[in-house]
Each structure stands twice: as C-alpha cells, then as structure tokens.
Amino acid sequence: MRPTLFISDLHLTDIDGHLSKIFFRFIRETANHAQALYILGDLFEYWVGDDQLDHDPLARAVADALHELAQQDVKVFFMHGNRDFLIGDRFAREAGLSILPDPVLIELYDQKILLMHGDTLCTDDVDYQQFRAQTRTTEWKNATLAKPYEARQQLARSIRAQSDSEKNQKSEEIMDVTEATVDEAFRQHHYPIMIHGHTHRPATHRTLVDGHACERRVLADWREWGECLAMSSGDLHRIELTI
C-alpha cells in the first residue's frame, strides 16, 4: 500500500538553495511513490501573492513539480502556514493541489487524523495571535494584494525581520504550544491523532486527555536536511531526506 506523507516548514527561498534541491529530489524519488502528500504550511519563506509565480523562479519550479506529481496520481494537499497564507487559487490550480482549512479532520487507515499548521495552538503568544487575526481578514489581504509586487516583497521582508527580532525576546515556552489549547483541540475533535508543524520542535507527544490516550506528532522544520512523516496501514514513521 502506498504511504501518505506529511511535511511542513520547509521555508524555501532560493531555487538553487540546498533545501530546494532536497525538495525537488523528494518530489521525484519519494513523494511519487505516495498516495497523497500533505503540506502543512510554510512551504515558502514568504508568499506575497500568486503573481509570485511570474517573478520568482523558485515559485514557478515548485508549482510545476507539484503539478507533475499530481499527474502521477498522487493527491496533493496544502494548508496555509504563517509565512505563506497568501497562497491562493491560482497557485493551487497551477500546482494541481487542493487547499485545506486549518484545522481539518481526515480519516486514514480507519484512524481519525487532525491536521493543523500549529500556530493556532500557541495561544500564550498573545502578540502573535493578534497579528495573525489581523492579517487573516479579507480587508487586510485585499489591501496588501493591491500593492505593487515590489512593495509586497519589502513588506514581507519587514515582517520577517520583526518576527526574528521578537523571537529573540520571547521565552521558549511562549513560542511553543499551549498545553490547555492542545487538550481542547483533542477534545473538540473527539481525541484523534494530531499532526502539525510550526514550532520547529519535532517530537512525538503522548498524553491523557479526559481519560483518552492521545498522540501528537510535531513535524520537523527543514534545516541541513529535510524530513517527512509517513503513514502506512496506521503506522507513523519519520523519513530523513538529503541530497
């Protein structure tokens, strides 16, 4: 049986970059043997609108690679991250993928799986949650997308620099998930397996919530190497990806 694969937090920036090379190899040699690929956000370091496809060789190459993967009978799904939440219908169409809501509950191998990017679980980071709420409004997105491409690029760089600066001033606990919020997510969705990224803290967490044994899998961010989580016949295991 072909596996289902999950990745997140690649933060791709450069078509000739190390991680981009790993990604394209992953698509050609690993994902092409899957039945489905779920990308749970932050595929790109930033996304300023679907016209990025016309300006950025990396964006074009990624869309083409995913479209080719979809042509090989691999279902491709994408969930917005905090870096690429402006990905829209054009990218989805040209990449041959479906955009998922966050969160979404799916069923695989007779198991319920809750998929999230993960940033909504970090509720102790009040400043970030306020920023997230603002930037997800239709008004903010429309106003931003109305700006010239170069202005949007500069805005993305400014937001990224501010985020990096703020991270240096925040505790590790604030930037991680809030356990009470995680428990509530399990509770609301009737205690499924949870898979998410965002925190850059790959791990497997097992806990009891209301007497139910719950499992949370945190996807790895891509650094010197990549990683995907594979599920086949109910078994979950990690696969390291290199050039």
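The values are calculated or read from the model by the stated rules, or taken from the named source; none is laboratory data. Keep in mind that this is a model prediction, so the values were computed, not measured. Cβ coordinates were reconstructed from backbone atoms using ideal geometry, including for glycine residues, and neighbour counts include every protein chain displayed. Ligands, DNA and RNA are excluded from the accessible area calculation, which covers all protein heavy atoms including side chains. Shrake-Rupley method; radii C 1.70, N 1.55, O 1.52, S 1.80 Å.
Can you name the residue in region 107-136 that is part of a helix (DSSP H, G or I) and among the hydroxyl-bearing types (S, T, Y) and, of all such residues, is least open to solvent (accessible area, probe 1.4 Å)?
T135
Between residues in region 176-191 that are open to solvent by less than 30 Å² (accessible area, probe 1.4 Å) and residues that are modelled with pLDDT of 95 or more and of a type in the set (D, E, K, R), which pairs lie under 6 Å by C-beta distance while being six or more apart or on different chains?
T178/D124
Here is a list: L58, L66, L97. Which entry is more than 17 Å from H11 (Cα to Cα), of a type in the set (A, V, I, L, M) and either out of contact with any strand residue (DSSP E or B) (no Cβ under 7 Å at 6 or more places or on another chain) or modelled with pLDDT of 95 or more (or both)?
L97
Kindly indicate whether T199 is among the hydroxyl-bearing types (S, T, Y) and open to solvent by 60 Å² or more (accessible area, probe 1.4 Å).
no
Is one or more of the residues making up region 4-14 aliphatic (A, V, I, L, M), closer than 28 Å to Y109 by Cβ and loosely packed, with under 15 Cβ neighbours inside 10 Å?
Looking for residues that are aliphatic (A, V, I, L, M), closer than 28 Å to Y109 by Cβ and loosely packed, with under 15 Cβ neighbours inside 10 Å, one finds none in region 4-14, hence no.
Output the number of the condition that E224 fails; it satisfies all remaining conditions of (1) open to solvent by 50 Å² or more (accessible area, probe 1.4 Å); (2) farther than 19 Å from F44 by Cα.
Unmet condition: (2).
Hey, does region 16-39 have a residue that's in contact with a Gly (Cβ under 7 Å, 6 or more places away or on another chain), within 19 Å of T199 (Cα to Cα) and either without any contact (Cβ under 8 Å) to a residue 12 or more places away in the chain or open to solvent by 20 Å² or more (accessible area, probe 1.4 Å) (or both)?
yes
Quickly run through region 156-173 and pick out the residues that are farther than 20 Å from T207 by Cβ and either out of contact with any helix residue (DSSP H, G or I) (no Cβ under 9 Å at 6 or more places or on another chain) or modelled with pLDDT of 85 or more (or both).
Answer for region 156-173, where residues must be farther than 20 Å from T207 by Cβ and either out of contact with any helix residue (DSSP H, G or I) (no Cβ under 9 Å at 6 or more places or on another chain) or modelled with pLDDT of 85 or more (or both): A156, R157, S158, I159, R160, A161, Q162, D164, S165, N168, Q169, S171.
Would it be correct to say that V104 is closer than 20 Å to M231 by Cα and surrounded by fewer than 16 Cβ atoms within 10 Å (Cβ to Cβ)?
yes
Sort through D56, D50, D42, D64 and tell me the only one that's surrounded by fewer than 18 Cβ atoms within 10 Å (Cβ to Cβ) and either closer than 23 Å to V104 by Cα or out of contact with any Leu (no Cβ under 6 Å at 6 or more places or on another chain) (or both).
Within the list D56, D50, D42, D64, the selection yields D64.
When R157 is evaluated against the numbered criteria (1) open to solvent by less than 60 Å² (accessible area, probe 1.4 Å); (2) touching a residue at least 60 places away in the same chain (Cβ under 8 Å); (3) closer than 19 Å to D42 by Cβ, which criterion, by number, is the only one it fails?
Of (1) open to solvent by less than 60 Å² (accessible area, probe 1.4 Å); (2) touching a residue at least 60 places away in the same chain (Cβ under 8 Å); (3) closer than 19 Å to D42 by Cβ, only one is false for R157: (1).
Given (1) among the β-branched types (V, I, T); (2) open to solvent by 50 Å² or more (accessible area, probe 1.4 Å); (3) more than 18 Å from the chain's Cα centre (by Cα), where does V209 come up short, assuming only one miss?
Failed condition: (2).
Filter region 139-150 down to residues that are in a helix (DSSP H, G or I), of a type outside the set (S, T, N, Q) and open to solvent by 80 Å² or more (accessible area, probe 1.4 Å), then give me how many there are.
Residues in region 139-150 being in a helix (DSSP H, G or I), of a type outside the set (S, T, N, Q) and open to solvent by 80 Å² or more (accessible area, probe 1.4 Å): 2 in total.
Of all residues in region 2-22, which are hydrophobic (A, V, I, L, M, F, W, C) and under 14 Å from the mean Cα position of the chain (by Cα)?
L5, F6, I7, L10, L12
So which residues in region 192-216 are closer than 19 Å to L105 by Cα and touching a residue at least 40 places away in the same chain (Cβ under 8 Å), if there are any at all?
P192, I193, M194, I195, H196, G197, H198
Looking at (1) in contact with a His (Cβ under 6 Å, 6 or more places away or on another chain); (2) on the phi < 0 side of the Ramachandran plot; (3) not hydrophobic (A, V, I, L, M, F, W, C), which is the one condition that is false for T199?
Failing condition for T199: (1).
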